[in-house]
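The values are calculated or read from the model by the stated rules, or taken from the named source; none is laboratory data. Everything quoted here is computed from the prediction, not taken from an experiment. A quick note on method: Cβ atoms are made from the backbone with ideal geometry, for glycine too, and the neighbour counts reach across all protein chains shown. With ligands, DNA and RNA removed, areas are computed over all heavy atoms of the protein, side chains included. Shrake-Rupley method; radii C 1.70, N 1.55, O 1.52, S 1.80 Å.
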Amino acid sequence: MKFEDALKKLETIVNELESGDISLDKAIERYQEGMLVSKKCLELLDKAEKKVEICLKAKDGSVKIKSFKEKDHNKDKNNI
Amino acid sequence: MLERKHVLKVSELTKDIKLILETSFGFVWVEGEVSNLRQPSSGHLYFTLKDELSQIKCVLFKNQSQDVNFQLKDGLSLLLFAKLSVYERDGQYQLYVNKIEPKGKGSFQLAYEQLKERLIKEGLFDEAHKKPIPFLPKTIGIITSSTGAVISDMLHILDKRFNNFNVLLYPVKVQGPGAKEDIVEAIEYFNRENNVEVIILARGGGSIEDLWAFNEELVARVVYNSKVPIISAVGHETDYTICDFVADLRAPTPSRAAELVIPNKADLYDKIKDYTWQINRTLRDFIPQYQQRMDDMTSRLSNTLSGILRDKRNLFHTEVSRLNALSPLNTLNRGYSITSILDSGDLLKDAHKVKAGDRIKTKLSQGSIISIVEGDSDEI
């Protein structure tokens, strides 16, 4: 599930519960679901790893992806 | 009468004129207004430059016209740097244009305005064509120079807002020869590989000439056709490039683009916490609501029940009093009595039904008596 979808789902559950137009059984069911989705949201937020990479063009025109370290590129400052 | 000493051929004369013109004038700066502009299939441009009083023919050869970044049009005021010479076949003196600048404003400014107008008409800036920027992109493609402050500032801001983001940088020249080709290649690469969810096209501030790559029609069209949404972040707040108008979103600076592309993680945490709290609270509110409903029901039920009982009791009393009214006991109260045959219990309505010696029961208002029949009153 994408984070955005999970967050939307959480929002829908809150709205549904807050409307009060729902049976008790359904409310408890939605509550449990809401708690699961909330946990999922937090997981998704923390899951992604930080990765900064750079595309480097080889002589044959192919593009290789390498890890990007700013200091390696700041040697020549002639670019803007 | 002049002596016919030396006769010149037309071509010789023309050559002489040409030589004199070329040597005495050479290159000149001339200003005037364009008219009669035409471009035959050869690609060379021919026009007349004129003012209120005079006009002069001009030629701009194809290889030189490619350096002109704006569109020549009739009515445009120009400043030309040109060589005066003669087109020998027609004996026509004319200007061979070397440099050309719009009068009043810079050529870049004019080219920018012309391209902007043309692309607006073509619909390249239409809001309807703009793609939404994904809410939390998995990977952000950045097209800018790999050195300098722009990428460094952007990475810094991204890091502050969301510590676990993915960036794929495609380094490009952002000005000078090769810049537009680089930018086009980068956008096409991201579209081909489809390995980023959003692209930020970024460059720091500069003069219109410095930012020119972002005003190139070629770049504008590639931005327009990109399937990956593009945020344009070129120059400072006040600089608007053609790319800014064509892109799906315009950020006033590269740093702002970094803020726009990704939400603040702390805000997201807060939002999730708020929602979770709300879910908890609504459910907590739910239970007392049901309890109250149950209480309501119970009291309504007992109210209804006692109501029904009261009604029934009233009905009973009415029936009883109606019954009372009909009761023979009331008649007895007035002194009448009821007599029945004691053995059978049959009511006695006819004196002939009994004979002497039969026992009868007479019910009075108060109590009853048992008597023995002596005979009927006719016999006594």
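The single condition among (1) over 19 Å from B:Gln109 (Cα atoms); (2) out of contact with any Asp or Glu (no Cβ under 7 Å at 6 or more places or on another chain) that B:Leu168 does not meet is (2). The single residue among B:Ile187, B:Ile199, B:Ile183 that is outside any helix (DSSP H, G or I) and closer than 23 Å to A:Ser62 by Cβ turns out to be B:Ile199. The requirement of being of a type outside the set (Ser, Thr, Tyr) and touching a residue at least 40 places away in the same chain (Cβ under 8 Å) is satisfied by B:Ile100. Specify the residue that is nearest to the chain's Cα centre (by Cα); the eligible residues are those in the range B:87-98 that are open to solvent by 10 Å² or more (accessible area, probe 1.4 Å) and not hydroxyl-bearing (Ser, Thr, Tyr). Looking at residues that are open to solvent by 10 Å² or more (accessible area, probe 1.4 Å) and not hydroxyl-bearing (Ser, Thr, Tyr), I get B:Asn98. Note on the range B:212-227: residues that are part of a loop (DSSP other than H, G, I, E, B) and open to solvent by 10 Å² or more (accessible area, probe 1.4 Å) total 2.
So that you can scan it fast, the table gives a plain yes or no per residue for (1) surrounded by fewer than 21 Cβ atoms within 10 Å (Cβ to Cβ); (2) within 9 Å of chain A (Cβ to nearest Cβ):
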| site | (1), (2) |
| --- | --- |
| B:Lys131 | yes, no |
| B:Pro134 | yes, yes |
| B:Ile140 | no, no |
| B:Val167 | no, yes |
| B:Tyr170 | no, yes |
| B:Ile187 | no, no |
| B:Asn191 | yes, no |
| B:Ile199 | no, no |
| B:Ser207 | yes, no |
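Scanning the range B:191-212 for residues that are touching a strand residue (DSSP E or B) at 6+ places or on another chain (Cβ under 8 Å) and touching a residue at least 40 places away in the same chain (Cβ under 8 Å) gives B:Asn195, B:Val196, B:Glu197, B:Val198, B:Ile199, B:Ile200, B:Leu201, B:Ala202, B:Arg203. Where residues in the range A:47-72 are facing chain B (nearest Cβ under 7 Å) and either farther than 23 Å from B:Asp182 by Cα or in contact with a His (Cβ under 9 Å, 6 or more places away or on another chain) (or both), which of them is least open to solvent (accessible area, probe 1.4 Å)? Restricting to residues being facing chain B (nearest Cβ under 7 Å) and either farther than 23 Å from B:Asp182 by Cα or in contact with a His (Cβ under 9 Å, 6 or more places away or on another chain) (or both), the top hit is A:Ile54.
This table checks each residue for (1) of a type in the set (Val, Ile, Thr); (2) on the phi > 0 side of the Ramachandran plot.
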site: B:Gln94; (1), (2): no, no
site: B:Tyr112; (1), (2): no, no
site: B:Arg118; (1), (2): no, no
site: B:Gly123; (1), (2): no, yes
site: B:Pro134; (1), (2): no, no
site: B:Thr139; (1), (2): yes, no
site: B:Ile143; (1), (2): yes, no
site: B:His156; (1), (2): no, no
site: B:Phe162; (1), (2): no, no
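The residue that is surrounded by the most Cβ atoms within 10 Å (Cβ to Cβ), among those in the range B:232-263 that are farther than 24 Å from B:Glu117 by Cβ and more than 21 Å from the chain's Cα centre (by Cα), is B:Pro254. Taken as a whole, the condition of being free of Cβ contacts under 8 Å to residues at least 12 places away in the same chain and either among the acidic types (Asp, Glu) or surrounded by 13 or more Cβ atoms within 10 Å (Cβ to Cβ) (or both) does not apply to B:Asp74.
Can you tell me how many residues in the range B:1-54 are of a type in the set (Lys, Arg), open to solvent by 70 Å² or more (accessible area, probe 1.4 Å) and part of a helix (DSSP H, G or I)? Walk me through it before giving the result.
Here is the first cut: in the range B:1-54, the ones of a type in the set (Lys, Arg) are B:4-5, B:9, B:15, B:18, B:38, B:50.
Remaining after also requiring open to solvent by 70 Å² or more (accessible area, probe 1.4 Å): B:4-5, B:9, B:15, B:38, B:50.
Okay, now just the ones that are also part of a helix (DSSP H, G or I), so B:15.
The qualifying residues number 1.
When the residues of the range A:10-46 are filtered to those that are in a helix (DSSP H, G or I) and touching an Asp or Glu at 6+ places or on another chain (Cβ under 8 Å), the one that is farthest from the other protein chains (Cβ to nearest Cβ) is A:Arg30.
Need a quick list: strands (runs of 3 or more DSSP E) entirely within the range B:306-380 having at least 1 residues that are open to solvent by 60 Å² or more (accessible area, probe 1.4 Å). Talk me through it step by step, then tell me what you get.
Working: elements: B:338-341, B:359-363, B:368-372.
Answer list for the range B:306-380: B:359-363, B:368-372.
Among the residues of the range B:274-282, are any aliphatic (A, V, I, L, M) and within 11 Å of chain A (Cβ to nearest Cβ)? Yes: the range B:274-282 contains one or more residues that are aliphatic (A, V, I, L, M) and within 11 Å of chain A (Cβ to nearest Cβ).
To keep it simple, each residue is scored yes or no on (1) of a type outside the set (S, T, N, Q); (2) out of contact with any Phe, Trp or Tyr (no Cβ under 7 Å at 6 or more places or on another chain).
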site: B:Val59; (1), (2): yes, no
site: B:Gln64; (1), (2): no, yes
site: B:Phe70; (1), (2): yes, yes
site: B:Gly75; (1), (2): yes, yes
site: B:Arg89; (1), (2): yes, yes
site: B:Lys99; (1), (2): yes, no
site: B:Lys105; (1), (2): yes, yes
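Within this structure, B:Ser54 passes the test of being free of Cβ contacts under 8 Å to residues at least 24 places away in the same chain, closer than 22 Å to B:Gly104 by Cβ and not β-branched (Val, Ile, Thr).
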